[in-house]
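Derivation of every value follows stated rules applied to the coordinates shown; laboratory data play no part. Bear in mind the structure is a predicted one, so any value in this text is a computation, not a measurement. When we count neighbours, we look across all protein chains shown, and the Cβ atoms used for this are built from the backbone with ideal geometry, even at glycine.
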Amino acid sequence: MKEPAIDNKELILALEELEKEKGMNKDYILDSIETALVTAYKRNFNSLENVKVVMDRKTGATHVYSVKQVVKEIENPEIEITEEEAQKINPDLKEGDELDTEIVPRNFGRIAAQTAKQVIIQKLREAEREIVFNEFNDRKGEIVSGIIQKADKNIVVMDLGKLEGVMPKKEQIPTEKYRVNDKIKGYVLDVEKGQKGAPQVIVSRSHPDFVRKLLEFEIPEIYEGVIEIKSVSRDPGDRSKVAVYSPDPNIDPVGSCVGQKGVRIQNVINELNGEKIDVIEWNEDPSIYIAASLLPAQVLAVDIKQEENFAQVIVPDNQLSLAIGKSGQNARLAAKLTGWKIDIKSETQFRNMLMEKQYKEMENANKTE
């Protein structure tokens, strides 16, 4: 007499409840349990035979089948059966077909129950991780707050509540010191699936968009879209330049961002531990925009070469070092901000350059006569 298949109606009811509550696909979990049961069978029964496990989607009844290939001559009796023997069971079978014979291994019900429980717990964890991953993935480009759990020269790990945030060295501000238990803010740069599928948030404090988001948070006109941030360039921890614009002629975008007595911009500077922020007004005329980008230096003239995306800037002699900045910082940030190649010359340097050019032209003219 054939033994009955392993029944598990409670399992199906539990999976249907999980499908409603957690959105976990019942068939997907049952497929995973079937795969796990094949492995469990081979491990527990030291079996070399091919088996497959089929679970009834309505009753949870578990059927275990020994699968053998129909062949002319047997080389491996564990996985093969002759055509002659197979046809005694099913006359329609021929070479190349498969014969499934149901088996009910002793004590397999207990093994099946344990395996199903392990798979469900695993899938629940995966589902929860996926929910958290999607939640934080939707928060890319936002600012999050967290408490530092670990801090060394290469990495800072933050507790963000549901999961951890990681700030690699290149995303840290070089001038900042990070200490365990400090609460800090960071910009969500990316969300990755780390070890064992656990989501991990990559956080940055050095990204230019961190400054952009901080300004958006502090200045209602930016958040509401009345003022637009056109560009940000940054040397993290030292200096940033921000270009702002408002289509409304009645609004002073720079004044609105700086605030009365600089109170608005100071809140952002404080969050960045003293990083200087130059706020300049964007202009569609590149010569005006480039001149403004070199503030606090005064600019006498800007000569634009549109096709080369190049600007020659002339400044007073006493403004040259200010325009270039320490280690070329001011000029470099202005070039990043505007997207133009910028060459800065003092008034005297420019005059000498013109005189040298005129002299060469005269020399060439004399040679051709």
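Of note:
- For the chain, calculated [θ]222 nm from helices alone, where every DSSP H run of n ≥ 4 adds -39500 (n - 2.57): -12000 deg cm²/dmol
- Taking each residue as 0.36 nm, the span from Glu84 to Val54 lengthens on full extension beyond its C-alpha to C-alpha distance by 8.1 nm.
- Considering only alpha-carbon pairs that sit under 8 angstrom and 6 or more positions apart, the relative contact order computed for the chain is 8 percent.
- Most mobile of Thr338, Thr175, Thr39 in a GNM of the chain (Cα contacts under 10 Å): Thr39
- 3J(HN,Hα) along segment 257-264, derived from phi through the Karplus expression 6.51 cos²θ - 1.76 cosθ + 1.60 where θ = phi - 60°, amounts to 6, 6, x, 4, 6, x, 5, 5 Hz, with x in place of Gly and Pro.
- Mean-square fluctuations from a GNM of the chain, with a 10 angstrom spring cutoff on Cα atoms, peak among Met167, Met55, Met355 at Met355.
- The angle between the Cα long axis of helix 347-368 and the longest principal axis of the Cα atoms of the chain comes to about 80 degrees, rounded to the nearest 10.
- Computed FRET value (nearest 0.05) for Glu95 with Asn134, which takes r as the C-beta separation and R₀ as 35 Å: 0.10
- ³J(HN,Hα) computed for each position of segment 330-341 - Karplus, 6.51 cos²θ - 1.76 cosθ + 1.60, integer Hz, glycine/proline x: 4, 5, 5, 5, 5, 5, 5, 5, 8, x, 10, 7
- Given (i) 19.6, 58; (ii) 35.6, 120; (iii) 42.4, 146, the label whose value is Rg and Dmax of the Cα atoms in Å derived from this model: (ii)
- Listed by chain and number, the lysines whose C-alpha is less than 16 Å from the C-alpha of Lys42, apart from same-chain residues fewer than 8 away, are Lys52, Lys68.
- For segment 225-290: rounded, prolate or oblate by the Cα gyration tensor [a/c cutoff 1.5]: oblate
- In this structure the amide hydrogen of Val156, modeled in the peptide plane, comes within under 5 Å of the amide hydrogens of Met167, none closer than 5 places in sequence on its chain.
- Between the C-alpha center of segment 64-129 and that of segment 18-61 there is a gap of 12 Å.
- Sites Asn76 and Phe217, calculated FRET efficiency, Cβ-Cβ separation with R0 56 Å, nearest 0.05: 0.25
- In the structure shown, the pairs Lys185/Lys341; Lys183/Lys213; Lys123/Lys150; Lys162/Lys213; Lys22/Lys213; Lys276/Lys336 are assessed against 25 Å; a Cα-Cα span above that value is assigned to Lys185/Lys341; Lys123/Lys150; Lys22/Lys213.
- Calculated FRET efficiency, Ile288 to Lys183, Cβ-Cβ distance, R0 = 45 Å: about 0.60 to the nearest 0.05.
- Computed 3J(HN,Hα) for segment 141-154, one whole-Hz value per residue from the Karplus formula 6.51 cos²θ - 1.76 cosθ + 1.60 where θ = phi - 60°, is x, 9, 9, 10, 10, x, 9, 5, 9, 8, 8, 9, 5, 9, glycine and proline marked x.
- Among Glu281, Glu356, Glu224, residue whose mean-square fluctuation peaks in a GNM of the chain (springs only between Cα atoms under 10 Å): Glu356
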